[in-house]
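Only one structure is covered here, and it is reproduced in the block below.
The values are calculated or read from the model by the stated rules, or taken from the named source; none is laboratory data. For clarity, every value in this text was computed on a predicted model and none was experimentally measured. For neighbour counting, all protein chains shown are included, and Cβ atoms are generated from backbone atoms with ideal geometry for every residue, glycine included.
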Amino acid sequence: MRFRSLLCAALGAGIPVHVIIAQQTKVVPAGMDQVQGQISCGFLFNRTDADFFLLYDASQITAGQAQLNGIGFRQGQQFTSLLAGFTKPYRVTAFTVPINAAATTGLGTPVNVTALTGGATGTVVFQGPVTFPTHSPLVLSPGPFDVNLPFSVPYTFDATQGNLLLRIQATDTTPAGGSYLVDAVAISAGYGIVTAVEATGCPSGAISVTLRTQNTSVVTGQSIDTAFTVTPGVGALLVALSLDRADHDLTPFGMPGCSSRVGPTVAVQALLPSPPTVPHALWPIPAGPAFVGTSLFTQAVALSPVGGPPALSNTEGLVLVSPLPQINKTVIFWTGSVYAQISAIELMPVVRLDGTFP
């Protein structure tokens with residue numbers, strides 16, 4: 001999460017300091033703030049009678065008491081042409097329920113809504129028109145959270161009382177604007193998230209480098225394995241793996257049109273490629289649940305042995321997963337005849353929750 005603002009007022013010695021914490025945001029699943037999901041989801045908003053539930057175990061939201069003020073979605077990535085926008089009214093109802101995400105597998109399909117909600121009516125927190133902007137394919141991902149449903153009634157979620165369930169329903173018969181794709185993830189044990197931040201690199205003359213990370217290696221307790229394809233003539237590779245993302249224009253350094261995407265918390269390896277052999281960078285990752293959901297960014301620089309500007313690779317965003325099955329969030333959606341779920345994996349839209357999250 002990140003603070004939108006933090007105001008501290010200290011009026012003098014001996015006078016208490018008053019801290020006002022303004023609205024925060026929390027992106028769920030964890031680690032997806034600046035990493036695009038590896039899939040897109042078209043079955044949530046593409047129906048005239050759209051109706052779906054997002055269930056989050058309390059651990060995914062807060063350990064205490066959170067106040068939710070809105071939810072936002074962002075565009076999906078898996079399309080190649082213009083994605084038409086539309087406006088349509090929706091309603092959001094919030095619940096605190098005893099059932100957790102893993103337990104929904106026992107409900108089967110069709111899902112019984114009463115069993116899901118525990119028979120509660122919930123609290124309507126939003127009702128009104130939602131604007132879905134027109135989108136075109138992204139050059140740099142992810143896109144902004146620009147499909148927003150701001151709550152008119154804040155919802156207090158107490159993690160000690162149950163789990164968070166949000167129901168989002170269309171409230172009229174206006175057709176949706178085709179298959180509007182929103183960003184999503186599909187998480188299964190042993191397969192980490194690997195997606196493009198910037199799909200193209202920045203060659204320098206005849207020298208270029210591209211990288212690709214195996215998603216089966218982006219798992220806690222293993223070594224992240226990134227392979228490189230380089231053109232002949234590359235003298236050395238400098239490979240960065242960063243906990244932060246920072247976008248820096250490299251034009252002042254003699255690389256016009258090129259940008260670095262890695263931040264200051266970075267590890268670097270030097271490799272000596274010898275085409276056609278493909279070099280690999282291996283990054284050991286500790287085991288343990290504390291590392292699950294960590295986002296990382298990787299990019300490489302190819303140096304020329306005869307001088308001149310280096311070449312820059314594409315950039316990938318990675319999110320670490322657990323080697324063990326973990327179902328702590330799930331989506332249940334209306335197909336037109338039944339409420340269905342996908343329980344074998346965690347298939348979830350990437351959302352931004354607005355509010356406060358102690």
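For segment 171-191, indicate whether the set of residues that are over 20 Å from the mean Cα position of the chain (by Cα) and part of a strand (DSSP E or B) is non-empty.
Just the residues of segment 171-191 that are over 20 Å from the mean Cα position of the chain (by Cα), to begin with: 171-179.
If we keep only those that are part of a strand (DSSP E or B) too, we end up with none.
Taking every residue of segment 171-191 in turn, none turns out to be over 20 Å from the mean Cα position of the chain (by Cα) and part of a strand (DSSP E or B).
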With respect to LEU237, is the statement that it is outside the structural domain of PRO142 (by TED's automatic domain parsing), out of contact with any Cys (no Cβ under 8 Å at 6 or more places or on another chain), surrounded by 14 or more Cβ atoms within 10 Å (Cβ to Cβ) and not in a loop (DSSP other than H, G, I, E, B) true? yes
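Report yes if PHE73 is of a type in the set (Phe, Trp, Tyr), in contact with a Phe, Trp or Tyr (Cβ under 7 Å, 6 or more places away or on another chain) and under 30 Å from THR134 (Cβ atoms), otherwise no.
For PHE73, the condition - of a type in the set (Phe, Trp, Tyr), in contact with a Phe, Trp or Tyr (Cβ under 7 Å, 6 or more places away or on another chain) and under 30 Å from THR134 (Cβ atoms) - is met.
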Counting only residues in segment 112-134 that are assigned to a loop (DSSP other than H, G, I, E, B) and over 22 Å from VAL185 (Cα atoms), the one nearest to the chain's Cα centre (by Cα) is identified as GLY122
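Would it be correct to say that PRO137 is over 26 Å from ILE345 (Cα atoms) and not in a strand (DSSP E or B)? Don't jump to the end; show me each part of the working.
Details: over 26 Å from ILE345 (Cα atoms): yes; not in a strand (DSSP E or B): yes.
Against the criterion (over 26 Å from ILE345 (Cα atoms) and not in a strand (DSSP E or B)), PRO137 qualifies.
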- Taking the condition of a type in the set (A, V, I, L, M) and either over 30 Å from THR315 (Cα atoms) or at pLDDT 95 or above (or both), does LEU181 pass? no
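Among the candidates GLY178, GLY201, which residue alone is over 15 Å from THR298 (Cβ atoms) and among the small types (Gly, Ala, Ser)?
GLY178
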Those strands (runs of 3 or more DSSP E) completely within segment 34-94 that have 1 or more residues that are in contact (Cβ under 8 Å) with a residue 12 or more places away in the chain and of a type in the set (S, T, N, Q) are 39-41, 65-73
Those residues of segment 192-234 which are surrounded by fewer than 22 Cβ atoms within 10 Å (Cβ to Cβ), in a loop (DSSP other than H, G, I, E, B) and β-branched (Val, Ile, Thr) amount to THR200, THR220, THR231
Among PRO144, PRO129, PRO137, the single one that is modelled with pLDDT under 95 and assigned by TED's automatic domain parsing to the domain that holds MET32 is PRO137
